[in-house]
Amino acid sequence: MYLSRYFLPVLRETPKEAEIVSHQLMLRAGMIKQCAAGIYSWLPLGLRVLKKIEQIVREEQNRAGAVEVMMPTIQPADLWRESGRYEAYGKEMLRITDRHKRDLLFGPTAEEVITSIFRDSVKSYKDLPKNLYNIQWKFRDEIRPRFGVMRGREFLMKDAYSFDLSPEAARKSYQRMFAAYLRTFARMGLRSIPMKADTGPIGGDLSHEFIILAETGESQVFCHRDLIEGEIPPVDTDYDGDLEPIMTAWTSKYAATEDMHDPARFAAEVPSSAQVSARGIEVGHIFFFGRKYSKPMDCRVQGPDGQMATVEMGSYGVGVSRLAGAIIEANHDDNGIRWPMPVAPFEVAVINLKAGDGATDGVCAELHTKLEQAGIDVLVDDSDERAGGKFATMDLIGIPLQIVVGPKGVKSNTVEIKSRVSGEKESLTPETAINHIVAEVKRTRILA
RNA sequence: CGGAGCGUAGCGCAGUCUGGUAGCGCACGUGCUUCGGGAGCACGGGGUCGGGAGUUCAAAUCUCCCCGCUCCGACCA
């Protein structure tokens with residue numbers, strides 16, 4: 001992609017409305033534009049990041065045996081009346097009336113829809129277990145949206161729903177998602193820590209929030225230091241095998257959010273040198289809720305004994321759009337964003353220091369073509385801005401690798417490659433640079 | 001919803017108290033010089049001052065009513 005054709009409205013100054021760094025940088029980098037309170041347009045650069053995050057989530061869901069569907073954003077109120085939630089859900093639910101005066105709503109979640117799909121289609125225990133997920137825009141009319149996409153009203157969410165015959169089987173479904181989440185966030189360069197969450201009326205130990213640590217996190221969290229460097233399930237994890245050891249390893253050490261924090265237990269179980277108290281951002285939440293929806297909505301299958309059994313369900317959310325902000329919170333410096341390679345909008349930036357010069361233009365075109373042929377996302381700055389401005393823009397938007405092509409270097413057949421994170425620079429021939437870059441992108445594109 | 005504050009050009013702001021017909025920086029356009037970490041000079045384009053209704057000879061400025069946005073709190077992926 002050439003910058004001259006692209007749409008990248010960067011801002012030199014920070015808009016006043018943005019309080020936290022991820023929001024400021026997303027606005028400055030031309031990733032998003034606010035349309036109304038808590039509602040954003042995703043501009044090309046932001047959309048690229050969103051799609052990459054979404055794709056990682058999708059790949060790990062698929063790997064764990066979940067199956068993608070897409071459910072509507074607009075749902076009929078009658079479905080929610082079945083579960084009893086139409087009345088129970090507060091003002092966060094955006095209620096709509098159509099031309100026939102029928103009550104509709106913009107879905108804040110999809111338990112009712114998925115349950116109705118499942119109950120109408122599956123009648124036998126032989127079809128269990130199943131896990132269906134979708135990645136869809138949700139709307140919750142938060143009283144006070146803030147922090148940009150971290151806490152918007154409209155947000156992109158992956159929500160998965162598992163269906164099992166027994167609570168024991170549901171536990172396995174839960175563990176699959178537990179392991180998949182560890183991998184999902186690790187692949188984005190985030191260290192997530194599962195923390196015990198409130199299970200409400202269901203009880204039990206099957207509810208975890210996945211938290212990443214960041215100074216601007218919304219809530220205070222407490223955990224054992226070891227969890228920050230916990231082992232990520234490998235890519236060849238057998239999701240049909242015994243996942244209990246993974247969950248045990250991650251849940252046997254203390255980790256709790258403010259709500260669930262027990263200072264006495266924390267002090268007793270965690271040596272003071274290993275006690276971590278930090279701010280955290282919730283990026284995922286998994287939850288076993290049993291028959292909460294299946295019972296009122298009459299979602300049953302026939303078991304091996306011939307009896308009808310109400311299915312046991314769980315739901316598993318990932319805040320996809322929130323992750324874009326969360327990743328920035330965890331990866332930035334004074335100059336701007338520092339994208340981890342797997343979610344970078346472009347993996348490589350080629351900076352033409354003298355656009356219009358035949359020699360530099362030629363080298364840039366060659367780099368562009370060969371890198372794209374190698375399957376790499378590359379953005380060529382072919383504008384006639386001055387060098388300083390180009391460097392500042394690329395640093396701001398956080399492209400991990402930069403190739404600087406200037407007239408002096410081109411005369412001696414060299415270009416300069418630079419790492420956004422380390423700042424290290426190296427002069428190489430264009431051919432060598434391509435090889436290095438391709439190798440480096442492929443090495444860092446997959447983190448787990 | 002309770003508390004606080006802000007709406008003036010794409011972004012950041014001044015002007016409002018004390019009414020007199022809109023300004024600065026950045027960005028943008030043109031020209032010249034410059035050109036490896038956000039250049040300089042010159043000229044220039046762009047604003048129904050959030051909306052409506054009042055007061056007045058005259059309203060960005062005063063009054064009233066709406067709307068939007070931000071921050072603190074309760075709520076949340």
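The values are calculated or read from the model by the stated rules, or taken from the named source; none is laboratory data. Just so you know, these numbers come straight off a predicted model, no measurement behind them. Glycine gets a Cβ as well: all are built from the backbone with ideal geometry, and neighbour counts include every protein chain shown. Protein only, heavy atoms only, side chains kept; ligands, DNA and RNA dropped before computing areas. Shrake-Rupley method; radii C 1.70, N 1.55, O 1.52, S 1.80 Å.
Could you please find all residues in segment A:214-229 being at pLDDT below 95 and either farther than 14 Å from A:Thr257 by Cα or open to solvent by 50 Å² or more (accessible area, probe 1.4 Å) (or both)? Scanning segment A:214-229 gives A:Glu215, A:Thr216, A:Glu218, A:Ile228, A:Glu229. Since A:Asp238 meets every condition but one in (1) surrounded by 14 or more Cβ atoms within 10 Å (Cβ to Cβ); (2) out of contact with any Asp or Glu (no Cβ under 6 Å at 6 or more places or on another chain); (3) at negative phi, which condition does it not meet? All conditions are met except number (1).
Would you call A:Ser116 away from RNA strand B (no atom under 16 Å from the Cβ), more than 26 Å from A:Ile56 (Cα to Cα), outside any strand (DSSP E or B) and small (Gly, Ala, Ser)? Against the criterion (away from RNA strand B (no atom under 16 Å from the Cβ), more than 26 Å from A:Ile56 (Cα to Cα), outside any strand (DSSP E or B) and small (Gly, Ala, Ser)), A:Ser116 qualifies.
Of the listed requirements (1) closer than 16 Å to A:His332 by Cα; (2) more than 7 Å from RNA strand B (Cβ to nearest atom), A:Glu19 misses just one: (2). Looking across segment A:25-35, just one residue is within 10 Å of RNA strand B (Cβ to nearest atom), open to solvent by less than 50 Å² (accessible area, probe 1.4 Å) and either out of contact with any helix residue (DSSP H, G or I) (no Cβ under 6 Å at 6 or more places or on another chain) or part of a helix (DSSP H, G or I) (or both), and that is A:Leu27. When residues in segment A:59-74 are screened for being among the charged types (D, E, K, R), open to solvent by 50 Å² or more (accessible area, probe 1.4 Å) and assigned to a helix (DSSP H, G or I), 2 of them pass.
Residue count for segment A:36-93, restricted to those that are of a type in the set (Ser, Thr, Tyr) and within 16 Å of RNA strand B (Cβ to nearest atom): 4.
Taken over segment A:87-104, the criterion of being outside any loop (DSSP other than H, G, I, E, B) and open to solvent by less than 30 Å² (accessible area, probe 1.4 Å) is satisfied by no residue. Of the residues making up segment A:129-170, not one is among the aliphatic types (A, V, I, L, M), more than 16 Å from A:Phe287 (Cα to Cα), open to solvent by less than 30 Å² (accessible area, probe 1.4 Å) and out of contact with any helix residue (DSSP H, G or I) (no Cβ under 6 Å at 6 or more places or on another chain). Among what's in segment A:374-397 and is small (Gly, Ala, Ser) and more than 9 Å from RNA strand B (Cβ to nearest atom), pick the residue that is surrounded by the fewest Cβ atoms within 10 Å (Cβ to Cβ). Looking at residues that are small (Gly, Ala, Ser) and more than 9 Å from RNA strand B (Cβ to nearest atom), I get A:Gly375.
Of all the numbered requirements in (1) within 16 Å of RNA strand B (Cβ to nearest atom); (2) touching a strand residue (DSSP E or B) at 6+ places or on another chain (Cβ under 9 Å); (3) open to solvent by 20 Å² or more (accessible area, probe 1.4 Å); (4) among the hydroxyl-bearing types (Ser, Thr, Tyr), A:Thr14 misses one, and that requirement is (2). Listed by position, the strands (runs of 3 or more DSSP E) enclosed by segment A:251-312 that each have at least 3 residues that are in contact with a Gly (Cβ under 8 Å, 6 or more places away or on another chain) and either surrounded by 12 or more Cβ atoms within 10 Å (Cβ to Cβ) or polar (S, T, N, Q) (or both) are A:275-290. Quick check on segment A:119-128: of everything there that is not in a strand (DSSP E or B) and not acidic (Asp, Glu), which residue is surrounded by the fewest Cβ atoms within 10 Å (Cβ to Cβ)? Taking the candidates together, the pick is A:Ser121.
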